[in-house]
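Input: a single structure, listed below in structure tokens.
The values are calculated or read from the model by the stated rules, or taken from the named source; none is laboratory data. Since the structure is predicted, the reported quantities are computational estimates derived from the model, not experimental observations. Cβ sites come from the backbone with ideal geometry, for glycine too, and all protein chains shown count toward neighbours.
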Amino acid sequence: MSDLNVLFAGFGGQGILFSGKVMAYAALMEGKELSWLPSYGPEMRGGTASCSVCISDKAIGSPLVVNPDVLVVMNLPSLEKFEKDVVPGGLIIVDSSIVKKDVTRTDVRVVRIDASRIAEDNGLKGAANMVILGRLFKETGFCSAENLDLGLQKSVPTKKAFLLDNNRKAISLGIESEY
Amino acid sequence: MNEKVLMKGNEAIAEAAIAAGCRHFFGYPITPQTEVAAYMSKRMPKIGGVYLQAESEVASINMVLGAGAAGVRVMTSTSSPGISLMAEGISYIAGSDVPCLIVNVQRGGPGLGGIQPSQADYFQATKSTAHGDFHILVFAPSTVQETVDMISTAFDLGDKYRMPAMVLSDGMLGQMMEPVILPEAKDPDKDSKNWAVSGHGNKREHNVVNSLYINPQELEDLVKARFERYKIIQENHQMAEEYLADDADIIIVAYGSSSRVSRSAIDAARAQGIKVGMIRPITLWPFPEKFINKHIGHTKAFLSVEMSMGQMVDDVRLVVNGRAPVEFYGRTGGIIPTPKEVLEQIIRINGGVQ
């Protein structure tokens with residue numbers, strides 16, 4: 001794998017930053033160079049949140065992902081804002097439970113996953129971000145399954161270790177989700 | 001050796017300062033720096049240190065002066081408008097020959113400006129931090145690991161030359177997470193501070209830490225002695241990283257976040273056959289003149305890339321002194337330039353792609 005630049009975007013509270021953190025830690029476990037950069041400021045309160053993750057074999061230059069290889073969108077404003085920026089041939093993963101609008105680009109691959117519904121149906125409300133991360137893992141193979149799990153373990157604070165299993169389950173659901 | 005962990009730049013600053021033996025932090029919250037103070041407020045009480053949220057930046061910096069005068073490792077951190085408020089205190093600290101660490105996680109200005117990353121405080125940090133003839137050491141990290149490594153250097157050199165040291169970060173470097181190996185904890189050498197006002201049980205002459213000198217001759221002598229120290233620093237402590245500079249036709253000069261953007265642009269330009277490299281100042285004061293002078297001759301043009309309207313470019317021009325064209329590209333107000341924008345500048349200066 002060469003460089004992989006990922007932009008996660010959605011509402012504040014959907015776990016956008018956490019998804020990026022798990023991915024970043026998994027890449028660290030994989031022995032890669034990486035960076036994680038959140039959007040910060042007033043837009044995080046009820047508005048859109050986004051998070052740039054860069055993974056590479058070389059030192060990371062600009063950590064701000066302007067043209068993502070992979071765009072994860074968990075709300076409509078994020079799709080409208082970032083769709084045009086994805087590199088040609090790139091991948092857009094959409095939480096289709098929330099975003100009903102179709103992707104208009106024809107030069108990118110689109111994966112629509114009913115992530116929020118899948119999470120809710122399995123008693124994992126709020127874990128749609130991990131369902132999507134599972135799917136992202138399956139689509140890109142950015143790390144090994146072992147390192148993805150280690151990345152998750154590193155990202156969940158010790159005090160919240162009880163959440164590990166739910167997150168694991170959500171990731172598995174994403175990996176197994178229908179095309 | 002410590003394990004490699006992911007850490008935010010701001011939290012890494014705090015942990016690195018603790019590892020360097022800092023046990024006194026005085027500050028006031030301001031975005032995008034607040035994680036430094038928040039982290040300190042959790043850690044300091046657990047390790048017998050002092051964390052104090054003062055009523056203002058003015059109070060914070062004067063507490064830093066007091067603690068520094070007593071000979072302990074002390075720091076504060078803030079973001080751009082906070083440094084403006086601290087200006088008077090920084091001048092007093094410099095005028096009292098007291099070491100301390102000041103962190104500026106820059107945001108867009110002027111005024112309250114914005115909260116997004118900026119490098120518009122270069123002039124303030126390197127030239128006009130406050131009133132009077134003085135300098136402070138200014139370090140500009142470009143990664144979280146470098147930030148961590150630099151904190152200890154900044155404390156050590158500040159102690160050695162008895163002067164304030166600043167780490168000039170920005171909102172991007174402060175907020176981003178990267179893998180980092182934290183340094184081993186060390187105890188600073190307290191005995192070397194024989195000038196400190198720390199109590200002596202009447203066993204020696206009392207020390208005085210002061211910045212008021214009514215007699216102009218005394219003040220001139222003192223300032224001149226300080227500038228002799230500055231000369232030694234300029235001679236011995238210029239730091240910069242060179243990236244693909246040896247065969248470069250075009251050399252970008254960029255520090256901190258804008259150097260990361262420039263590095264991406266340089267890689268893209270090299271892939272198109274353009275010989276471009278970079279000198280990345282690590283110390284902004286002393287400005288790394290030696291590194292620029294070394295590349296006069298083969299370099300057809302210099303390009304200063306900054307997140308400002310053009311500040312460091314003045315220092316590049318002073319060093320180059322007409323021996324090559326010096327160009328500038330920058331974004332400001334909290335906008336981070338893209339690698340594509342910088343690449344366009346490289347191609348323009350190169351006269352297109354051959």
> Which of the residues belonging to the stretch B:197-212 are under 29 Å from the mean Cα position of the chain (by Cα) and either of a type in the set (Val, Ile, Thr) or surrounded by 10 or more Cβ atoms within 10 Å (Cβ to Cβ) (or both)?
Replying inline: B:197, B:198, B:208, B:209, B:210, B:211
> Does residue B:41 satisfy the criteria of being closer than 30 Å to residue B:221 by Cβ, surrounded by fewer than 21 Cβ atoms within 10 Å (Cβ to Cβ) and of a type in the set (Gly, Ala, Ser)?
Replying inline: no
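Residue-by-condition table, conditions (1) surrounded by 16 or more Cβ atoms within 10 Å (Cβ to Cβ); (2) under 22 Å from the mean Cα position of the chain (by Cα); (3) closer than 17 Å to residue B:161 by Cα; (4) more than 14 Å from chain A (Cβ to nearest Cβ):
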site: B:219; (1), (2), (3), (4): yes, no, no, yes
site: B:231; (1), (2), (3), (4): no, yes, yes, yes
site: B:234; (1), (2), (3), (4): yes, yes, yes, yes
site: B:274; (1), (2), (3), (4): yes, no, no, yes
site: B:288; (1), (2), (3), (4): yes, yes, no, yes
site: B:292; (1), (2), (3), (4): yes, yes, no, yes
>> Report every pair of residues separated by at least 6 positions or lying on different chains whose Cβ atoms are under 7 Å apart, first residue within the stretch B:205-218 and in contact (Cβ under 8 Å) with a residue 40 or more places away in the chain, second in a loop (DSSP other than H, G, I, E, B) and surrounded by 10 or more Cβ atoms within 10 Å (Cβ to Cβ).
In response: B:209/B:96; B:209/B:98; B:209/B:197; B:210/B:96; B:211/B:96
>> What's the number of the only condition in (1) more than 26 Å from residue B:83 (Cα to Cα); (2) in contact with a Phe, Trp or Tyr (Cβ under 6 Å, 6 or more places away or on another chain); (3) of a type in the set (Lys, Arg) that residue B:229 fails to meet?
In response: (1)
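Yes or no, residue by residue, for (1) buried (at least 21 other Cβ atoms within 10 Å of the Cβ); (2) within 14 Å of chain B (Cβ to nearest Cβ); (3) under 16 Å from the mean Cα position of the chain (by Cα):
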| position | (1), (2), (3) |
| --- | --- |
| A:11 | no, no, yes |
| A:35 | yes, yes, yes |
| A:72 | yes, no, yes |
| A:87 | no, yes, no |
> Which one of these does residue B:304 not meet: (1) away from chain A (no Cβ under 14 Å); (2) in a loop (DSSP other than H, G, I, E, B); (3) among the small types (Gly, Ala, Ser)?
Replying inline: (2)
> Just a yes or no: is a residue in the stretch B:313-333 within 14 Å of chain A (Cβ to nearest Cβ) and under 18 Å from the mean Cα position of the chain (by Cα)?
Replying inline: no
> Any chance the stretch B:242-255 includes a residue that's surrounded by fewer than 20 Cβ atoms within 10 Å (Cβ to Cβ), touching a Lys or Arg at 6+ places or on another chain (Cβ under 9 Å), more than 26 Å from residue B:347 (Cα to Cα) and modelled with pLDDT of 95 or more?
Replying inline: no
>> Looking only at the stretch B:138-193, filter to residues that are among the aromatic types (Phe, Trp, Tyr) and in a helix (DSSP H, G or I); which one of those is farthest from the other protein chains (Cβ to nearest Cβ)?
In response: B:161
>> If I filter the stretch B:248-267 for residues that are assigned to a loop (DSSP other than H, G, I, E, B) and within 26 Å of residue B:167 (Cα to Cα), do I get at least one hit?
In response: yes
> With respect to residue A:131, is the statement that it is of a type outside the set (Asp, Glu), within 19 Å of residue A:13 (Cβ to Cβ) and crowded, with 18+ Cβ neighbours inside 10 Å true?
Replying inline: yes
> Taking helices (runs of 4 or more DSSP H) that do not extend beyond the stretch A:118-179, which have at least 1 residues that are in contact with a strand residue (DSSP E or B) (Cβ under 8 Å, 6 or more places away or on another chain) and more than 14 Å from every other protein chain (Cβ to nearest Cβ)?
Replying inline: A:128-140, A:164-176
>> Need a quick list: strands (runs of 3 or more DSSP E) entirely within the stretch A:1-106 having at least 3 residues that are more than 27 Å from residue B:342 (Cα to Cα).
In response: A:91-95
> Name the pairs whose Cβ atoms lie under 6 Å apart, with the first residue in the stretch B:232-246 and closer than 16 Å to residue B:279 by Cα, the second surrounded by fewer than 17 Cβ atoms within 10 Å (Cβ to Cβ), and 6 or more positions between them or separate chains?
Replying inline: B:238/B:290
> residue B:349 fails exactly one of the following numbered conditions: (1) more than 19 Å from residue A:58 (Cβ to Cβ); (2) part of a helix (DSSP H, G or I); (3) within 14 Å of chain A (Cβ to nearest Cβ). What is the number of that condition?
Replying inline: (3)
> Can you find even one residue in the stretch B:281-289 that is closer than 20 Å to residue A:60 by Cα and of a type outside the set (A, V, I, L, M)?
Replying inline: yes
